[in-house]
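> Can you keep this structure in mind? I'll have questions shortly.
Taken together, the values in this text are just the output of simple stated rules run on the coordinates, not laboratory data. Please read these numbers as outputs of a predicted model, since none were measured by experiment. Positions of Cβ are generated from backbone atoms using ideal geometry, with glycine treated the same way; all protein chains shown enter the neighbour counts.
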Amino acid sequence: MATPQAPAPSDESSQSTLSDEELVTAAPEVLATSLREYLHAWAQKIRNGESGALPVIVGLILIIIFFRIERRVFLSDTNIVNILTGSTIYVMLGAAEIFILLLSEIDLSIGFGAGVGGLVIAELIASPVNLPWWLGIIGGMAVMAVFGALQGSLVSRLNLPSFVVTLGGQLALQGLLLVIANLDPTAVGGVIQIDPGSPIYKLVNGTMSPGLSWAMVIAAVALFGIASLVKNRARTARGLTAPPLGVTLISIAIAAIGGILLVVTANANTPSGIPWVFPFVVLVLVFYTWLLGRTRIGRYIYAVGANPEAARRAGINVRWIVTFAFIMSSVTACLAGVVYESNQGSMSIDINGGQLVLFAVATAVIGGTSLFGGRGRMFNALLGGIVISVVVNGLAVMGVGAAAQDIATAVVLLAAVTLDSLVRRRAAAH
Amino acid sequence: MDSSDAGPLLSLKNVSKRFGPVQALTDVNLDIPRAQVTALIGDNGAGKSTLIKTIAGLWAPDEGEILWDGKPRHLHGPRDAEDLGIKTIYQDLALCDNLDIVQNMFLGHEPLRRGTLDEATMEIAARNTLKELSVVTVKSVRQPVASLSGGQRQSVAVAKALISQAQLVIMDEPTAALGVAQTRMVLDLIKALAGRGVAVIVISHNLNDVFEVADRIACLYLGRLVVSAPASEFNRQSAVEYMTTGTAGQAVASA
């Protein structure tokens, strides 16, 4: 400033001065106390452009209607279960990618990470090693954890761009896949079978009995309901605001209806009952949601993603947080590999890791995770994975060729990224 | 606590700092009393930033020493200064836009309950701290910081310092880029902070703000501390003269 008397510029407050009314519209739901205010706040948020998952859900319904008009079979019980089963691989890979996107980084290696993790497991549980299935999974996860730690260290300690590090990682994993397969003379043509008696095979191919399906869904909804109500009561008891009872009951009702529809559909299918992979994926997402929402390390991932400098000044070990996220991403990719090989009944060196990683990014972003860091939830992966699976399955049911499938997926991905970018710009304009 | 006979919270004794050929600080002697606002003024390049960064522990002085509570201390990094209770609020405020007020205030120091984040305790403490600072315009402590005004963001940054038991808060141009009402809010905040027994150092170019909040004024000129005295001994003219010439000719100020 030229002269010491010059007053501080008072009109440079473009992004920082909001009137009280504007503040209310910026975060209406935290101020609402009754059900009516909640619904009002929700409507206001949508008008402000913070529509959350709504456009994606509307888009999903439109896509489903389109495929249903084209092919009646699209909404058969069998195909609905197929779509959901098919989505599990995308959901798992999406969850892996969310850890990294929250940091505003990217992990391109997870597609082949699923391949290597899955192949290591397949080799460990087959002869001649013959480890029990759970030890095999631990082995695969350990290998991928080391790989993730390596990538994370390169990104966080040498400050290399994650794009380049994980692009290299993708190639390295692709090579590793061939090396491992070549070591095993029984892997004819680079394919190693999963024993149909193994729990890993049954994860996708086995179903619970219809009775157990009911019991599990009822227990899950009850647990969710009790947890929400108990949490709200604990908050109210300490003089804190909690969502009104009506809002909680509505969310429980939605969960119950979804659960009932799922069981009815799955039980009408042959083989009847819910595939084991569904509760598996949901449990992983619940655990990751807890990790991100209820632990320090989870909170620090969001902090580093939004403002690494602020995180550093708050005493957070930013390097460790970044490394941890890459470890989680690679380990989750390994779990995706379990789902993949269970679905295929085998693991092959032909796994299309390049396409899978693009689906993973699409899953995360369609679900509402920002590519620019700091914004997104684990359950976003569920919505995103179902959208991808609906598109892939619908095009296959229509008998469209692979080329058109790829192009259609690209369009869906671009639409999601555009949406993310628009939401961001709109939020920044506030 | 009775601050008058406890001596200054922080004393700089003959502090000098060089960067290569540039003599940034020369023989600075400055006392920072408790529960008072000390305004640090000076033209650009006078050494204000160098001085606060020395206090914040970003680098050690080449000569001289820093006394905290009368005892000499060697600050080997910002962490050492923070451990003493020195918190610096830079202009960028170091807030995470995606986190809410509570989350920002406790970032890096979250209390745990059975291994998980104790949200209720944090929320209550955050609410009470904002109340103590008389911040009433924030409607909910669960609002994301992105939705706050500039003054409110400043309040969150100050509350964050307070919640981590700061004894000395250094604020770098806290009212720059704020509108009239927001500036008012931040000035009240600074007074509230001193009212809570916290020592405050404010860097400001705006003499209106300085005279509004400062109990003491210290002026740097070309790396030297030319005056440090109660604000009542200055007027606008003498303050400007100190900043631009290093002396006040027919000055009112004694010192």
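> With labels modelled as points extended 7 Å from the Cα through the Cβ direction, what inter-label distance (nm, one decimal) is found for A:L212 paired with B:Q165?
5.3 nm
> Now a separate question. Can you order the peptides B:236-242, A:405-411 by their average number of other Cβ atoms within 10 Å per residue, highest first?
Peptide ranking by packing, descending: B:236-242, A:405-411.
> Counting Lys and Arg as +1 and Asp and Glu as -1, each charge on the Cβ, what is the dipole of chain A about the Cα centre in debye, to the nearest 20?
Charge dipole of chain A: 960 debye, to the nearest 20.
> Now for a separate question. If packing is taken as the mean number of other Cβ atoms within 10 Å per residue, what is the order of B:191-201, B:37-47, A:56-66, highest first?
Answer by packing, highest mean first, reads B:37-47, B:191-201, A:56-66.
> Applying a 10 Å radius around every beta-carbon, put A:265-272, A:125-132 in order of their mean neighbour count, most first.
Descending packing order for the listed peptides: A:265-272, A:125-132.
> Helix A:318-344 versus the longest principal axis of chain A: what angle, 0 to 90°, nearest 10, using Cα atoms?
The helix A:318-344 is inclined about 40 degrees to chain A.
> Compute the length gained on full extension between A:I254 and A:K231: take 0.36 nm times their separation in residues and subtract their Cα-Cα distance, giving the result in nm to one decimal.
Roughly 6.4 nm would be gained on extension.
> Would you please give the FRET efficiency between B:A60 and A:L240, computed as 1/(1 + (r/R0)^6) with r the Cβ-Cβ distance and R0 = 41 Å, to the nearest 0.05?
Once the sixth-power term is evaluated, E becomes 0.35.
> Please average, across the residues of B:168-180, the number of beta carbons from any other chain that are within 10 Å of each residue's own beta carbon, and give a whole number.
3
> Relative to the compact globular guide of 2.2 N^0.38 Å, what is the alpha carbon radius of gyration of the range B:1-96, as a ratio?
My calculation over the Cα atoms of the range B:1-96 gives 1.10.
> Something else about it: If you bin every alpha carbon distance in chain B into 5 Å steps from zero, what whole percent lands in each bin?
In whole percents, the pair-distance histogram is 1, 6, 13, 17, 18, 16, 13, 8, 5, 2, 1, 0, 0, 0.
> Among A:S127, A:L358, A:G376, whose Cα lies farthest out toward the positive end of the dipole of chain A, if unit charges sit on the beta carbon of Lys, Arg (+1) and Asp, Glu (-1)?
A:G376
> If you filter the range B:57-164 for trypsin sites (Lys or Arg not before Pro), then keep DSSP loop positions with at most 11 other Cβ within 10 Å, what is left?
B:R114
> Efficiency by 1/(1 + (r/R0)^6): what FRET value for A:V164 and B:D83, r their Cβ-Cβ distance, R0 = 60 Å, to the nearest 0.05?
The pair A:V164/B:D83 has a calculated efficiency of 0.95.
> Going by Cα centres, the range A:323-340 and the range B:183-221 are how many Å apart?
Between the Cα centres of the range A:323-340 and the range B:183-221 lies a distance of 52 Å.
> Among A:T289, A:L413, A:T265, which residue has its Cα positioned farthest towards the positive end of the charge dipole of the protein assembly as shown, with +1 placed on the Cβ of Lys and Arg, -1 on the Cβ of Asp and Glu, and the dipole taken about the Cα centre?
A:T265
> Another question about this same structure. Please tell me the relative contact order of chain A in percent, rounded to the nearest whole number, where contacts are Cα pairs under 8 Å and at least six residues apart.
Computed over chain A, the figure is 32 percent.
> Using +1 on the beta carbon of Lys and Arg, -1 on that of Asp and Glu, and nothing else charged, what's the dipole of the range B:31-74 about the Cα centre, debye to 20?
Its charge dipole is roughly 200 debye.
> Still on this structure, I have one more. How high is the relative contact order of chain B, given as a whole-number percent (alpha carbon pairs under 8 Å, six or more residues apart)?
For chain B, the relative contact order is 26 percent.
> Can I ask one more? Multiply the residue separation of A:A219 and A:E70 by 0.36 nm, subtract the distance between their alpha-carbon atoms, and state the gained length in nm to one decimal.
Fully extending the segment from A:A219 to A:E70 adds 49.9 nm.
> Suppose R0 equals 22 Å; then what is the FRET efficiency for A:T289 and B:R114 from their Cβ-Cβ distance, rounded to the nearest 0.05?
The formula returns an efficiency of 0.80 here.
> Past 27 Å, Cα to Cα: identify those pairs from B:K13/B:K48; B:K48/B:K71; B:K139/B:K160; B:K53/B:K139, in the order given.
Exceeds cut-off: B:K53/B:K139.
> Using the crude model of +1 on Lys and Arg Cβ and -1 on Asp and Glu Cβ, and no other charge, please compute the dipole size for the range B:97-143 relative to its Cα centre, in debye to 20.
Using only the charged Cβ atoms, the result is roughly 160 debye.
> Something else: Residue separation times 0.36 nm, minus the C-alpha to C-alpha distance between A:A403 and A:T270: what's the value?
44.7 nm
> While we're on this one: Let me test this: with uniform point scatterers at the alpha carbons of chain A, what is the Debye-based log₁₀ I(q)/I(0) at q = 0.07, 0.10, 0.13 1/Å?
Those come out to -0.38, -0.77, -1.28, one per q.
> Also, I was wondering about something else. Starting from the Cα of B:R18, move 7 Å in the Cα-to-Cβ direction to define the label point; list residues of the range B:55-83 whose amide nitrogen is under 11 Å from there.
Taking a point 7 Å out along Cα→Cβ of B:R18, the residues of the range B:55-83 whose backbone N falls under 11 Å are B:62-63.
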